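**Q** One structure, pasted below without further comment.
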Amino acid sequence: MESWGIFFLGVIALASVVQAGFLVGLVVYGRRLAHRVDALQVRLDREISPALENFNRVSRAAAEIADLATLQARRVDLVLADTIEKIEETTATVQRLVVRPLKPIGGIVAFLKGLQRGWTSTSSSTVAPRATTAAPPPAGHGEDDEHLFI
């Protein structure tokens, strides 16, 4: 039975040596991988960092431009609202001060124009009487219609 114990002890020792070899290989491969990752990080920092800084600068500038555009749009809106309000006030003032007082004058002007036209039509009819002779009916007009009578 002792021979089997020595055999299994040898198997355990061999498995431990194989496991140690795998662990050493894993450490060596892990170091290589760590060096490659460090090199990749250095390369990315060197190549991408300026692009990211430019992107950040551009995005800040775009945000600033958007803020300025919003501010200018608000200003334009205020100016247009103020202008419309002043136009409405001016229209109301013109209505109140000019149009309302002139309404009776408009009626007087219309009355005077009516008198003027009446005078011109009366004076032109007294000066030269108009000839109101009717044109003679076409010859045989009544005779041709007899066959249409039912």
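The values are calculated or read from the model by the stated rules, or taken from the named source; none is laboratory data. All figures in this text were calculated on a predicted structure; none of them were measured in a lab. Here the Cβ positions follow ideal geometry from the backbone for every residue, glycine too, while neighbour counts run over all protein chains shown. We work out accessible area using only protein heavy atoms, side chains counted, and drop any ligands, DNA or RNA first. Shrake-Rupley method; radii C 1.70, N 1.55, O 1.52, S 1.80 Å.
**Q** Name the residue, out of 51, 92, that is small (Gly, Ala, Ser), surrounded by 10 or more Cβ atoms within 10 Å (Cβ to Cβ), modelled with pLDDT of 85 or more and in a helix (DSSP H, G or I). Please lay out each step first, then the result.
**A** Values: 51 fails: surrounded by 10 or more Cβ atoms within 10 Å (Cβ to Cβ).
Going through 51, 92 in turn, the sole match is 92.
**Q** Suppose we filter 17, 28, 11, 76 for residues that are of a type in the set (A, V, I, L, M), open to solvent by 90 Å² or more (accessible area, probe 1.4 Å) and out of contact with any helix residue (DSSP H, G or I) (no Cβ under 7 Å at 6 or more places or on another chain); which single one remains? Even if it seems obvious, please write down each step before you answer.
**A** Numbers: 28 fails: open to solvent by 90 Å² or more (accessible area, probe 1.4 Å); 11 fails: open to solvent by 90 Å² or more (accessible area, probe 1.4 Å); 76 fails: open to solvent by 90 Å² or more (accessible area, probe 1.4 Å).
One residue alone meets the criteria, 17.
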